[in-house]
Amino acid sequence: MPCPCGNYGDPFKECVCPPFKVQRYWQKLSGPLLDRIDLQVEVPRLKKEELGIFSEGESSVVVRQRVIKARQVQQERFSGSKVRCNAKMKGRQIKDFCVLDKDASELLKSAILHLKMTGRSYDRILKVSRTIADLECSSDIKAAHVAEATQYRALDRERGLGGIN
């Protein structure tokens, strides 16, 4: 996370900013602006030794195939409408296509209350949860999908301020 000295949260350099200056710095970023960013992920700086190291994971080909399949599901879901993907859903579509079971609903309510998120954040989490479910070929949005989508709201989590301007 940024701060006046630029080192807040850096694992290699100590931040010298007093907490009130970090808070003031963050208040310059408006809550409504952050609400409009679906995926908020903090990426820490790597050590020089880590730059050339690649971990084993899914190949790009495998990931690409999963994305293509998820996009096809979304195109079928929204056929006959102007919407082409989950991110563009409006209120009625969110209500129709982002139905949560009891566990997922309770988890999302808890996250919204705990992180003091706005209604816009709630909708963003639902849309991202729907996409995660699509990527896993799941017709239902499960608590695990909501948990993962909530993790992508890093700035809300770190600040604990949700939509406060």
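Data table
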{"read-out": "Cα gyration tensor category, rounded, prolate or oblate, for the range 1-112 with a/c compared to 1.5", "value": "oblate"}
{"read-out": "Percentage relative contact order, the range 55-136, counting C-alpha pairs under 8 Å, at least six apart", "value": "41 percent"}
{"read-out": "For the range 40-165, alpha-carbon Rg and Dmax in angstrom", "value": "16.5, 52"}
{"read-out": "Computed lengthening from Arg45 to Leu29, 0.36 nm per intervening residue step minus Cα-Cα distance", "value": "3.6 nm"}
{"read-out": "Dipole magnitude of the range 1-156 about its Cα centre (Cβ charges: Lys, Arg +1; Asp, Glu -1), debye to nearest 20", "value": "800 debye"}
{"read-out": "Computed magnitude of the charge dipole of the range 50-126 (debye, nearest 20; Cβ of K, R +1, Cβ of D, E -1)", "value": "620 debye"}
{"read-out": "Candidates Arg71, Arg120, Arg36: whichever shows maximal mean-square fluctuation once the chain is modelled as a Gaussian network with Cα springs under 10 Å", "value": "Arg36"}
{"read-out": "Charge dipole (the range 26-94, unit charges on Cβ, about Cα centre) - positive-most of Leu46, Ser79, Leu33", "value": "Ser79"}
{"read-out": "Relative contact order [Cα under 8 Å, 6+ residues apart], the chain, whole percent", "value": "29 percent"}
{"read-out": "R0 of 45 Å, Cβ-Cβ distance Ile53-Asp103: FRET efficiency to nearest 0.05", "value": "0.75"}
{"read-out": "Loop sites in the range 22-101: chymotrypsin sites (Phe, Trp or Tyr not before Pro), DSSP, at most 11 other Cβ within 10 Å", "value": "Phe54"}
{"read-out": "Candidates per GluC sites (Glu not before Pro) in the range 35-114, loop by DSSP, up to 14 other Cβ within 10 Å", "value": "Glu42, Glu56, Glu58"}
{"read-out": "Approximate spin-label separation Ala147-Arg71, in nm, with each point projected 7 Å along Cα-to-Cβ", "value": "3.0 nm"}
{"read-out": "Cα gyration tensor shape of the range 40-80, rounded if a/c is under 1.5, else prolate or oblate by comparing a/b with b/c", "value": "oblate"}
{"read-out": "Ellipticity estimate at 222 nm from DSSP helix runs (n ≥ 4, -39,500 (n - 2.57)) divided over the chain, nearest 500", "value": "-15500 deg cm²/dmol"}
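We did not get these values from a lab; they are worked out from the coordinates using the rules stated. Predicted, not measured: the structure shown is a model, and the values here were computed from it. We place every Cβ from the backbone using ideal geometry, glycine too, and count neighbours over all the protein chains shown.
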